[in-house]
Amino acid sequence: PFRNDPPRLVSELKRLVDAAGQSHKAGQHAQAQAAFRRALELAPTEAWLWNELGTTLLDVKAWDQAADAFQRALELDGGGGNGLRGGDSILAWVGLAEVFEARKAYGELKQVLEHIVDVDEPNGGFWSWLGEVNGHLGLWDEAIQAYWTAIGLGGSPEQSATRWQGLIESYLAKGDREGAIEALRDGLERSPTALKHELEQRLRELLKKAFQ
């Protein structure tokens with residue numbers, strides 16, 4: 001990743017990155033952060049290093065510092081530095097999303113997730129997350145649309161059941177009981193046996209409370 005640096009500097013940077021990675025795996029967060037910060041002193045325009053630092057800061061819930069690191073990574077990725085590698089750009093956006101969720105900054109989180117689903121490969125998990133965030137904002141039509149998209153992208157029985165549950169809760173919150181019933185019927189008709197059981201278990205109490 002160190003494309004234009006002298007060999008001696010590259011060697012030191014690799015040593016620091018390796019040490020940071022080992023410390024991170026061992027749960028030694030302070031040591032990992034120190035190694036990444038030292039590496040950034042030597043190579044401040046390496047966007048992916050800022051991303052790695054942000055990830056270690058998330059682990060200790062240093063939200064402000066993590067956000068600064070991810071934002072710096074994305075700024076450099078847009079020009080003026082050595083860009084992020086492969087999916088690391090999405091990981092930086094996801095890191096920002098985790099910061100905004102921790103802060104309950106749902107407006108900013110919605111914007112970040114909308115960017116992610118716009119540029120990333122189709123991913124039901126991100127669409128489901130967006131549905132949840134729209135629910136926090138009371139944007140029930142947008143939540144419903146996001147959950148339908150997530151459902152269409154597939155997933156494990158547990159993931160699918162969570163998405164159907166979020167969809168039906170959104171219809172109910174909107175005051176659309178007919179929509180909730182139709183969604184439930186659709187879910188049960190389209191779902192394999194394993195998902196039907198999971199879905200029935202999750203939704204039985206939800207619907208009982210909603211229609212009391």
What is the sum of charges, Lys and Arg at +1 and Asp and Glu at -1, for the other residues whose Cβ falls under 15 Å from the Cβ of Gly138? -2
Here the Kirkwood hydrodynamic radius of the stretch 123-164, Cα-based and in Å, equals 9.7 Å
Restricting to Cα pairs below 8 Å that are 6+ residues apart, what does the relative contact order work out to for the stretch 72-185? Please round to a whole percent. 16 percent
Work out how much length His29 to Asp186 would gain on full extension: take 0.36 nm times their residue separation and subtract the Cα-Cα distance, in nm to one decimal. 51.8 nm
Please work out whether the stretch 15-70 counts as rounded, prolate or oblate from its C-alpha gyration tensor, where a ≥ b ≥ c are the square roots of the eigenvalues and a/c under 1.5 means rounded, while otherwise a/b larger than b/c means prolate and anything else oblate? oblate
For Thr56, what is the net charge nearby, where nearby means another residue's Cβ is under 12 Å from its Cβ and Lys, Arg count +1, Asp, Glu -1? +1
Could you tally the net charge around Asp176, taking each other residue with its Cβ under 15 Å from the Cβ of Asp176, Lys/Arg +1 and Asp/Glu -1? -3
P(r) tail fraction, the stretch 93-199 - alpha-carbon pairs more than 15 Å apart, %: 60 percent
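Since every read-out is calculated from the coordinates, none of them should be taken as a lab result. Remember, predicted model here, so these are calculated numbers, not experimental data. We place every Cβ from the backbone using ideal geometry, glycine too, and count neighbours over all the protein chains shown.
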